[in-house]
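First comes the structure, then the notes that go with it.
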Amino acid sequence: MSRYFGSKCRMCRRESTKLFLKGEKCFSDKCAIERRNYPPGIHGQRRRKVSDYGLHLREKQKIKRTYGLLESQFRNYFKKAARMQGVTGENLLLLLERRLDNVVYRLGFSCSRTEARQVVSHKQILVNGQLVNVASYLVKAGDKVSVRERSKKSLRIKGALDSAMRRELPSWVEVDPVAMAGTFVSYPDRSDLPAEYNENLIVELYSK
C-alpha cells in the first residue's frame, strides 16, 4: 500500500490552504502558505484556468490529504456515507471526524494527524478503558479517550497537549489535561467544521 513520503508543505501549497500537517510549524510564520502561497514547481506561479473537474478534484484532494487517507480508503468512506441517512457530504465529514487518529489529534494528544496515527498504532491510547491500536476505529458520542498510564510520561504527548491547551479546542470534545483524558462529547455539526470545505463538490465528483 503506497503512501506519500514527500514534503507535506508541498501538499498545503498545492491545495492553497493550510492542511495542518506539520504541527506547530503550521501556526508559525515558517508555514509554507505564509511564505509562498502558490503551487509548487517551476510553473507554480502561472495563472491557470481551472476546469470544473479540476475544482472537484482539488476539493477531494484537499480533504483526503487533511485526514491522511489513501484514495481507496477515502472512496470507501464516501460509499459508507452514501448509505447513511442524511446529507452524503456531511455524513462523509462526520465519518472522517470520528476516526480515532483524528479524535486523538482534536483532543490535543498529538501535534498532527500523522503523529496521532503513530500514537494509536504504538498502543498508547485507550477508548473507554480498552486498548485500541486501529487508527480508523470510529469513535462514538460519549466515548472516553485517554492516554495509557505508561505513556503519560511521554514528552511528545505532554508537549502536544500543552500546545493544544494554549489554543481553543473544538466544542465537541472535552479534555482533562491533568488526567490526559478526554471525551468525544457529541458529533460535530456542519457549522462546527471548516467553512472552506465544500463537500458537495466531492459528491458531484463521485456521482459522475
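The values are calculated or read from the model by the stated rules, or taken from the named source; none is laboratory data. No experiment lies behind these values; they were computed from the predicted model shown. Virtual Cβ from ideal backbone geometry, glycine too; neighbours counted across all protein chains shown.
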| field | Some residue of region 95-106 being of a type outside the set (Asp, Glu), surrounded by fewer than 19 Cβ atoms within 10 Å (Cβ to Cβ) and touching an Asp or Glu at 6+ places or on another chain (Cβ under 8 Å) | value | no
| remark: The one condition Ser28 fails out of (1) modelled with pLDDT under 85; (2) buried (at least 20 other Cβ atoms within 10 Å of the Cβ) is (2)
| note | Over region 55-72, the set of residues surrounded by fewer than 18 Cβ atoms within 10 Å (Cβ to Cβ) and small (Gly, Ala, Ser) is Ser72
| Of all residues in region 141-174, which are within 25 Å of Leu93 (Cα to Cα), of a type in the set (D, E, K, R) and in contact with a strand residue (DSSP E or B) (Cβ under 7 Å, 6 or more places away or on another chain)? | Asp143, Lys144, Glu174
| note | Checked pairs for region 156-178, first touching a residue at least 12 places away in the same chain (Cβ under 8 Å), second among the charged types (D, E, K, R) and outside any loop (DSSP other than H, G, I, E, B), C-beta under 7 Å and 6 or more apart or across chains, list as Ser163/Glu24; Pro170/Arg106; Pro170/Asp192; Ser171/Asp192; Trp172/Asp192; Val173/Arg106
| field | Tabulated pairs, region 49-61, first assigned by TED's automatic domain parsing to the domain that holds Glu71, second at pLDDT 80 or above and hydroxyl-bearing (Ser, Thr, Tyr), C-beta under 8 angstrom, 6+ apart or interchain | value | Glu59/Tyr197
| query | Restricting attention to region 76-85, which residues are more than 14 Å from Ser136 (Cβ to Cβ) and assigned to a helix (DSSP H, G or I)? | reply | Phe78, Lys79, Ala81, Ala82, Arg83
